[in-house]
1. Please give the residues of the stretch 146-164, grouped as numeric ranges, whose backbone N is less than 16 Å from a label point set 7 Å along the Cα-to-Cβ vector of Arg132.
2. Contact order normalised by length for the stretch 98-230, with contacts defined as Cα pairs under 8 Å and 6 or more residues apart; what percent is it?
3. Any idea what diffusion coefficient the stretch 104-189 gets from Stokes-Einstein, in µm²/s, Kirkwood Rh on alpha carbon pairs, 37 °C, 0.692 mPa s?
4. Using a 1.4 Å probe on the protein chains only, how many percent of the accessible area of the stretch 67-188 belongs to carbon and sulfur?
5. Would you mind classifying the stretch 136-230 by shape? Square roots of the alpha carbon gyration tensor eigenvalues, ordered a ≥ b ≥ c; an a/c under 1.5 is rounded, otherwise it is prolate if a/b is larger than b/c and oblate if not.
6. Might you tell me the accessible area per residue for the stretch 85-230, computed with a 1.4 Å probe and given in Å²?
7. Where the centroid of each part is defined by its Cα atoms, how far is the stretch 105-158 from the stretch 212-230 in Å?
Amino acid sequence: MSANTSRQPTGDSDLSSGPGQAAPSADGTPGAAEGATNPKVVDGSGRSAPRFWSSRRIPAALAALLSAAAVGFLLYDVVAVRAGRNAMRWRRLAEELATRPLDDVWMIVGAAVAMALGLWLFLLAVTPGLRRLLPMRRPTGIPGTEDVRAGLDRRAAALVLRDRAMQVPGVQSAQVDVGRRKVKARARAHFRDLEEVRGDLDAELGEAVTSLGLARQPTLAVRVRRPKKG
């Protein structure tokens, strides 16, 4: 998720900082990059903070409907044959498929489609989903909050960080992309030295990322350049 905004152009050079180079905040607390060296998502109590799982109602409903339709057709065909009627066409299709060679084009296409569908369902079953939500640290020292879980939308986090970036003197426009493991900030500075602007952005955004209260502190990468000449 990303957010961008802009505030009259000069120059054409740029300056960037690598991941995890956020400067300390004004009160001496470390920037966002220090907490990002731990790859495990841990909340404030030291326990692992799992991601939010998607309910996936649409895939579940489709799978249930297809399964119900297949079972209904099977039961109808069994009852029809028992009643002395002709079997449904799918039985003849099954017999034809049983006699086709394995290198037949339609056999290969059908197997590929079935494998792709099965792989898709497997990935839905083993992955959490809801990538737009970032787990936040659980509150500690407050009775009755052991089971409280909170998540921050990546778009909202990007908007907050963009607004903080626009507060840095010299920044004309800013764009922030917030991922699960990394925050990328790109800014255009129309006055002041680029090194100074980048240093202030490192400090400002490092403090802002820490204040978001995320369970996993993402690394911070800041890039500053001059606006393009008009």
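1. 151-160
2. 21
3. Working: Rh = 17.2 Å.
Estimated via Stokes-Einstein, D reaches 191 µm²/s.
4. 64
5. Prolate, because a/c is 1.5 or more and a/b exceeds b/c.
6. Numbers: 8740 Å² over 146 residues.
Spelled out: the 1.4 Å probe surface of the stretch 85-230, per residue, equals 60 Å².
7. What the calculation gives is 26 Å, centre to centre.
The values are calculated or read from the model by the stated rules, or taken from the named source; none is laboratory data. Keep in mind the model is a prediction, meaning the values are calculated, not measured. Virtual Cβ from ideal backbone geometry, glycine too; neighbours counted across all protein chains shown. Just so you know, the surface numbers come from the protein's heavy atoms only, side chains and all, with ligands and any DNA or RNA stripped out. Shrake-Rupley method; radii C 1.70, N 1.55, O 1.52, S 1.80 Å.
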